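**Student:** Quick one: this structure, given as structure tokens, is what I'll be asking you about.
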């Protein structure tokens, strides 16, 4: 009642007795509706997720990647189920028919996150981030083949810059390995074989990521899944497959457990693994938040430009070589993101003036980055 009286005090009556109109000022914008806070939160979540995974996977000869992914998925399911129980979020209940339709997408997701974990295990954060841009190229041309998409000249130019930044990054990495171990041929060969393994895993990750995004986009049309529906089914259906892979493909001997979790760093690693699971929840939430309060074009731009702070954070927090070629690769990658963002804005303007729908690439990027 007091709140109602307070609102009445702010009403302004305009006109005479016959035509009185009341005006109530709009409430102050909340943080939940702030595009700036949503974008900053999404960028922070991306950085935290990448750095935490790098810390766990490459810090102490870690080789239980499937176990890490299983823990992340379990934490994610528990978190969103708890939020649903408290009424904070809502998503559809589990149905076997929908699970069967969505299961192939979950398999593609497992392939994407596992190959990504292997790639970042062998590569530095800046190189991993730069090479991840190549996924955008595969998605764009996948849309051309399967969804009738198109690639503008400006977009094609940004793709060329992305390829160039990847080549420069690989060249910088190889030169750094040779200069660091040039006095020892065996150590140099080991370092180069590690990089080659990382590049192979990165290639497979780019292919599986593009397949996941394109497949999910097509499947969403059949299931009409929303943000948290996708998140729930993706994580829930992935858990049994990842657990089986961990039990049968990974070494669960006590000696290997001790090697993965040395007593001196055991507590820090466990905390980092739990934090990585919470980060996966955070990045899913901030993705949905960013799409809700900002346009899909803005969201695509953030995804493209977010590579710069992630790459720089890798230079700051990890022992990545800081050389002129490596910094140049990051700079070229950032410029490619700017050009790509400009191309998306231009494409969005053309689409809105001709058809009342967003571009196919924006929709695909939105679908892929939601998870």
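Throughout, read-outs are computed from the coordinates displayed, never taken from laboratory work. All values reported here derive from a predicted model rather than from experimental measurement. Here the Cβ positions follow ideal geometry from the backbone for every residue, glycine too, while neighbour counts run over all protein chains shown.
**Student:** For the peptides 43-54, 256-267, what is the packing order when you average, over each peptide's residues, the other Cβ atoms within 10 Å and list the highest mean first?
**Tutor:** Put in order of decreasing packing, that is 43-54, 256-267.
**Student:** Using r as the Cβ-Cβ distance of residue 243 and residue 88, and R0 as 30 Å, what FRET efficiency do you calculate, to the nearest 0.05?
**Tutor:** The calculated FRET efficiency here is 0.60.
**Student:** Please work out how much length the chain gains when fully extended from residue 226 to residue 266, using 0.36 nm per residue of separation minus the C-alpha to C-alpha distance, in nm with one decimal.
**Tutor:** 10.6 nm
**Student:** Measure off 7 Å from each Cα along the Cα-to-Cβ vector at residue 153 and residue 251, then give the distance between these two points in nanometres to one decimal.
**Tutor:** So the two model labels end up 5.7 nm from each other.
**Student:** OK, next. If you stretched the chain out fully between residue 171 and residue 185, how much longer would it get, using 0.36 nm times the residue separation minus the C-alpha to C-alpha distance?
**Tutor:** Between residue 171 and residue 185, full extension yields an extra 3.2 nm.
**Student:** Let me have the relative contact order for the range 35-369, percent, based on Cα pairs under 8 Å that are six or more residues apart.
**Tutor:** The value is 38 percent.
**Student:** Can you compute the FRET efficiency between residue 259 and residue 203 using 1/(1 + (r/R0)^6), with r the Cβ-Cβ distance and R0 = 45 Å? Round to the nearest 0.05.
**Tutor:** 0.95
**Student:** Return 78, 56, 204 ranked ascending by Cβ neighbour count within 10 Å, so the fewest neighbours appear first.
**Tutor:** Placing the least packed residue first, the sequence is 78, 204, 56.
**Student:** Extension gain residue 81-residue 349, at 0.36 nm per residue separation less the Cα-Cα distance, in nm?
**Tutor:** 92.6 nm
**Student:** Evaluate the distance, in nm, between pseudo-label points positioned 7 Å from the Cα of residue 194 and of residue 218 along their respective Cα→Cβ axes.
**Tutor:** My value for the distance between the label points is 4.0 nm.
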